[in-house]
Each structure stands twice: as structure tokens, then as C-alpha cells.
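**Q** Okay, here's the structure, questions in a sec.
The values are calculated or read from the model by the stated rules, or taken from the named source; none is laboratory data. These figures come from a predicted structure and were not determined experimentally. Every residue, glycine as well, gets a Cβ built from its backbone with ideal geometry; the counts of neighbours run over all protein chains shown. To get the accessible areas, we keep the full protein, side chains included, count just its heavy atoms, and leave off ligands, DNA and RNA. Shrake-Rupley method; radii C 1.70, N 1.55, O 1.52, S 1.80 Å.
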Amino acid sequence: NADAAMYQAKNSGRDSFQFFTAEMNTKAHERFAMQDAIRSGIARSEFYLDYQPQVDLRSGHIFAVEALVRWRHPVLGVLSPVHFISLAEETGLIVPLGDWVLNEACRQNKAWQDAGLPHLSVSVNVSALQFQEKDWPQRVRRILKESGLEAEYLELEVTESLLMRNVDQAIATMKELQELGVHFAIDDFGTGYSSLSTLKCLPVTRLKIDQSFVRNLAHDEDDRSIISAVISLGQRLNMMVIAEGVETEDQLAFLRANGCDEAQGYHFSKPVDPGAMADLLNAPELILEHI
Ligand code: C2E
Ligand code: MG
Ligand code: MG
Ligand code: MG
């Protein structure tokens, strides 16, 4: 309703909005326009997914891909999620958008499997609002069923802040989905406020070391210490550890020397469309040469 939306427009963060209104003031009606644009963009299939490989550092194989949403806006061109996810979250539109993403990622992964490619897990980013929906586990189950993808080939990426909002509920929801076979990763690990006592109770398969620690590791001893501490933590808690944002040979060398299991980043591949992803999967040497 208009009053509620107006209230939201006045009170929520403006970061995502400034992008669209570089020289303008952020006004409620502009927010409405963007909100409408997201809504009709979903209806008009303007959103699509790119995929980025996640690489096992021992074998050099792609074991998973992360699905990353993009918006082909009719006027503004291709928009990165950093420019619309927070507005979608603030307006609740992340729920239908997130359903579309999950559905599309599962469908695509099943299509790769049916095409005879090696079986991979697909990782899908999940926002707090989606996760908090009462019927979220049933929705995930339905989407898996409709796509025909087995649950073990789906991983949901959640953030520490999502988990800490309501720890008991988060654990219950995760356990319900875990029983189906779905895996969980904690995204951007190290940037949030999760407590170690909570972490040990969570059914989490994987910690994703945030790219901010990886970026400057060559010059920042603290970042190197944090990374090696997270790797040890993951080993002790029986979780896999993947480093995000790996761009250079030196970063990779440090990660390997410190026992990091897995990596993702431009060093291996940028996020690419499904066809290019299939090419990468068909030509393992393209990744192996970077290992
Ligand atoms: P994220 O989940 O942490 O995803 C990793 C981001 O880092 C992606 O940005 C990816 O393109 C980028 N990246 C990967 N490797 C490198 C690298 O080597 N160097 C650098 N500089 N960047 C790298 P992207 O695609 O712009 O997505 C940004 C964020 O938007 C994601 O961060 C995630 O939080 C959110 N997001 C993306 N897709 C979805 C979605 O479907 N649903 C939700 N709720 N959030 C999404
Ligand atoms: Mg992610
Ligand atoms: Mg991340
Ligand atoms: Mg992120």
C-alpha cells in the first residue's frame, strides 16, 4: 500500500537508489518507479543468471557454480545486483525475484546434467526476507521437485547477518532443508557478526571467506592471519573453506599453502552465461592451467 511504501521510501537506505538518480534527489516517486520496473522486469523476463565456477584446489576441477543475477534493463542496460538487490529487499520484491532465481538455477543445473556434463552443485544467494517466509522450506522443496534437480546439488548461500537475526528460527529452517539434502554455505564470512557458539550449531557445509580479506592479502599481514585462522576454524568445525575473489596467482599460492580447500574468482573465470559455463565444463584444462 502506498503509505507503507512511502514510509519505506523515506526511511530506508539510499545506496541502491543513488545509482539511478545520479544528479537527482532521491524521491519517493522515483523509488516507486524502480519498484515498478523490478516488478515488470520479473514479468518480462528481464532478469537472467550468470554462473561463476568454484574450483577444488586439490583436483583442479569445477565442483560447483554460483548463480549471480543480472538485470537487462530496457533503458539502463545490464545492471549488476549491487544496484538492485537492496531495493528489492526493502520492497519485498526479493521474494518473487528470489523464487525466480532459485527456479532458474535449479532448472539450468538439471539441464547441464541432462546434457551429460559432470554433476555439479549450484549455489544460490538467499536474502533474509526469503529465508524468513514461513513456507520457505516448502517452496524450496517444490522448486526442486519441479526442476527435477536432486537436493544434494543445491547449496544455499546465507550471510551471517541473516543467520543472527533469529538464530533459533534460522537453525530450524536450515535443519529442515538439510534433511531434504540441501547444503548451506555462509557467504562473505568474516564480515558479519556471527558468534562462534552459534556457528558450531549450524548445519553448514562451507565457509566462504569474504573477498575483502583476499584482495589485499599480498600487502596486509592481518588479512593473511584472518584467512589462515578461518581456514583452521573450518577444518576444526568440519566445514569446507572456499576463498572468494581470487584474482592472482600469488593469492592462490597463499591459499593453497595455508590449506584452503577451494577457490572462486576472476583468476579462474568471471561469471559467465550458461553456454560459456558448459564450454568451461567441457574443457577442464582451461581451469587446470590456472591451478
Ligand atoms: P556474493 O554472493 O558475495 O558474490 C560474489 C560477487 O563477487 C559477485 O558479484 C561476483 O561477480 C564477484 N566476484 C567474483 N570473483 C571476483 C573477483 O575475483 N574479483 C572481484 N572484484 N569480484 C569478484 P555480483 O555478481 O556483482 O554480485 C554481488 C552480490 O549481489 C553478491 O555477492 C550477492 O550478495 C548479491 N547477489 C547476486 N545474485 C543474487 C541473487 O540471486 N539473490 C540475492 N539475494 N543476492 C544476490
Ligand atoms: Mg554468494
Ligand atoms: Mg560473497
Ligand atoms: Mg555478498
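**Q** Taking the criterion of being without any contact (Cβ under 8 Å) to a residue 40 or more places away in the chain, assigned to a loop (DSSP other than H, G, I, E, B) and in contact with a strand residue (DSSP E or B) (Cβ under 8 Å, 6 or more places away or on another chain), would at least one residue in segment 210-219 satisfy it?
**A** Scanning segment 210-219 turns up at least one residue that is without any contact (Cβ under 8 Å) to a residue 40 or more places away in the chain, assigned to a loop (DSSP other than H, G, I, E, B) and in contact with a strand residue (DSSP E or B) (Cβ under 8 Å, 6 or more places away or on another chain).
**Q** Please state which of the following conditions residue 243 fails to meet, knowing it meets all the rest: (1) farther than 18 Å from residue 287 by Cβ; (2) within 15 Å of ligand 2 (Cβ to nearest atom).
**A** Evaluating residue 243 over (1) farther than 18 Å from residue 287 by Cβ; (2) within 15 Å of ligand 2 (Cβ to nearest atom) leaves (1) as the failure.
**Q** Looking at segment 233-286, which of its residues are within 14 Å of ligand 1 (Cβ to nearest atom) and either among the basic types (Lys, Arg) or open to solvent by less than 10 Å² (accessible area, probe 1.4 Å) (or both)?
**A** 242, 243, 246, 252, 255, 262, 263, 264, 265, 270, 277
**Q** Quick one: in segment 242-258, which of the residues that are part of a helix (DSSP H, G or I) and among the charged types (D, E, K, R) is farthest from residue 218 (Cα to Cα)?
**A** Ranking the candidates gives 256 first.
**Q** In addition: Residues being within 16 Å of ligand 4 (Cβ to nearest atom) and out of contact with any Pro (no Cβ under 9 Å at 6 or more places or on another chain): count how many of those fall in segment 166-203.
**A** Of the residues in that region, 10 qualify.
**Q** Residues to consider are 65, 101; find the one that is within 16 Å of ligand 3 (Cβ to nearest atom), among the β-branched types (Val, Ile, Thr) and open to solvent by 10 Å² or more (accessible area, probe 1.4 Å).
**A** 101
**Q** Give the residues of segment 180-201 that are hydrophobic (A, V, I, L, M, F, W, C) and either at pLDDT 95 or above or farther than 14 Å from residue 160 by Cβ (or both), sorted by residue number.
**A** 180, 182, 184, 185, 186, 189, listed by residue number.
**Q** Does segment 56-76 hold any residues that are closer than 13 Å to residue 277 by Cβ and either of a type in the set (A, V, I, L, M, F, W, C) or more than 19 Å from the chain's Cα centre (by Cα) (or both), and which are they?
**A** 62, 64, 65, 67, 68 - these are the residues of segment 56-76 that are closer than 13 Å to residue 277 by Cβ and either of a type in the set (A, V, I, L, M, F, W, C) or more than 19 Å from the chain's Cα centre (by Cα) (or both).
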